[in-house]
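The structure under discussion appears below in the form of structure tokens.
Each reported figure results from applying straightforward, stated rules to the coordinates on display, with no laboratory input. Model, not experiment: these values are computed from the prediction. Cβ placement follows ideal geometry from the backbone for every residue including glycine, while neighbour counts extend to all protein chains displayed.
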Amino acid sequence: MSKTDTVFFRANPKAHLSPQNKKLLKALESGRTVTRLTALFELRIACITARIGELRAAVYAVMTRMRGDTTAARYADYYLR
């Protein structure tokens, strides 16, 4: 190899994720949608917005869908594209 050759290594993208991010990503990859309440009570993740931001920074296509319930309360529903 010369000094001008570029070498690309395919890194494991999950290697640098926190345990909470790995747990959230596993739930999203299984086809589930995750809301703030399901993250808190089922996955034990208190601040899902920060974890979603970290997954997006790690180049995962996490999408947000705004939903509403019968009391007109709005909430975010996260899923993988």
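Overview of results
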{"read-out": "Loop-resident sites, the range 29-81, for GluC sites (Glu not before Pro), counting at most 15 other Cβ within 10 Å (DSSP)", "value": "Glu42"}
{"read-out": "Once the Cα gyration tensor of the range 17-80 is diagonalised, semi-axes √(5λ) in Å", "value": "20, 13, 10"}
{"read-out": "Extension reserve of the Arg32-Tyr79 stretch, reckoned as 0.36 nm per residue once the Cα distance is removed", "value": "16.2 nm"}
